[in-house]
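The structure appears right after this line, and notes come after that.
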Amino acid sequence: MVLLKDRTAIVHGASGSVGSAVARAFAREGAEVHLTGRTSATLEAVADGIHDAGGLAHIAELDAIDRDAVERHAAQAAEHGGGIDICFNATNNDDIQGTPLLDMRVEDVVQPVAKAVTSTFTVATAAARHMHGRGVILAMGGGREAIPDLGGSHVAWAALAGLCRQLAAELGPRGIRVAWLLSPGSPDPGAADPEADGLLLPRRPSYDQVANAAVYAASDWAATMTATEINLTGGAVVD
């Protein structure tokens, strides 16, 4: 049984570690995936892997904060697939870390906040215009722990959560669900995890485990899940 058969999915930031894992998982579960990112060569490598596994994938080089480009791409994907069913945003927030807030410039703190809100707002609204009676918008968030020297990262993730809740409230009557995945980072699943001391489980999730959670959230099995944070932190964040 495949969970996303005949669905059209867009994965923004598909050349990154999380985005590529999610794209592969969506394709494995039957979705036709449209991969976007800023570098075509890395997108082509992800698409080639999906094709080799028998899946369907298309690539487009674009910046997720370029609203005109994102809107055009969404329209093209929708025309090709008869609409859009899933939109996943895994783009990087370009955050600046390692400096105490007292020593940071305002612009450097605000930068990841603006990127997180702009990219998610842009890709979500573009996709939602082509979701007819059902659809799922997912974003990759970050932790709620209090950790020093992360600059505007936690502020960006908090803003992202607020935006997703607002989107869920406004898009729910159209049958569109919105959720975000919370993960504090995913090391090579075969490697030792020296930071696991802060977890309740022995290690952080692998990229494939994050991707499997995204598949579940995008599927009909999660049909009543919206305005929801999906906690994949291994216990680093306790709800």
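Structure values in brief
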{"item": "Among the residues listed as Gly142, Gly135, the single one being farther than 27 Å from Arg204 by Cβ and buried (at least 19 other Cβ atoms within 10 Å of the Cβ)", "result": "Gly135"}
{"item": "Filter result for Arg129 (touching a residue at least 60 places away in the same chain (Cβ under 8 Å) and either over 15 Å from the mean Cα position of the chain (by Cα) or closer than 21 Å to Gly30 by Cβ (or both))", "result": "no"}
{"item": "Residue list for region 197-233, restricted to those being surrounded by fewer than 18 Cβ atoms within 10 Å (Cβ to Cβ) and aliphatic (A, V, I, L, M)", "result": "Leu199, Leu200, Leu201, Ala223, Met225, Ala227"}
{"item": "Some residue of region 24-33 being part of a loop (DSSP other than H, G, I, E, B), in contact with a helix residue (DSSP H, G or I) (Cβ under 8 Å, 6 or more places away or on another chain) and free of Cβ contacts under 8 Å to residues at least 24 places away in the same chain", "result": "no"}
{"item": "Condition met for Asp85 (modelled with pLDDT of 95 or more, crowded, with 19+ Cβ neighbours inside 10 Å and either of a type in the set (D, E, K, R) or under 20 Å from the mean Cα position of the chain (by Cα) (or both))", "result": "yes"}
{"item": "Any chance Gly143 is part of a loop (DSSP other than H, G, I, E, B), touching a helix residue (DSSP H, G or I) at 6+ places or on another chain (Cβ under 8 Å), of a type outside the set (Phe, Trp, Tyr) and at positive phi", "result": "no"}
{"item": "Residues of region 1-14 satisfying the condition of being modelled with pLDDT of 95 or more and either within 22 Å of Ala75 (Cβ to Cβ) or out of contact with any Asp or Glu (no Cβ under 8 Å at 6 or more places or on another chain) (or both)", "result": "Leu4, Asp6, Arg7, Thr8, Ala9, Ile10, Val11, His12, Gly13, Ala14"}
{"item": "Complete set of residues in region 118-133 that are in a loop (DSSP other than H, G, I, E, B) and at pLDDT 95 or above", "result": "Arg129, His130, Met131"}
{"item": "Scan of region 46-70 for residues that are over 23 Å from Asn93 (Cα atoms), crowded, with 19+ Cβ neighbours inside 10 Å and either of a type in the set (Lys, Arg) or out of contact with any strand residue (DSSP E or B) (no Cβ under 6 Å at 6 or more places or on another chain) (or both), ordered by number", "result": "Gly55"}
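The values are calculated or read from the model by the stated rules, or taken from the named source; none is laboratory data. Predicted model only: the values in this text are computed from it and were never measured. No Cβ is skipped: glycine too gets one built from the backbone with ideal geometry, and neighbour counts run over all protein chains shown.
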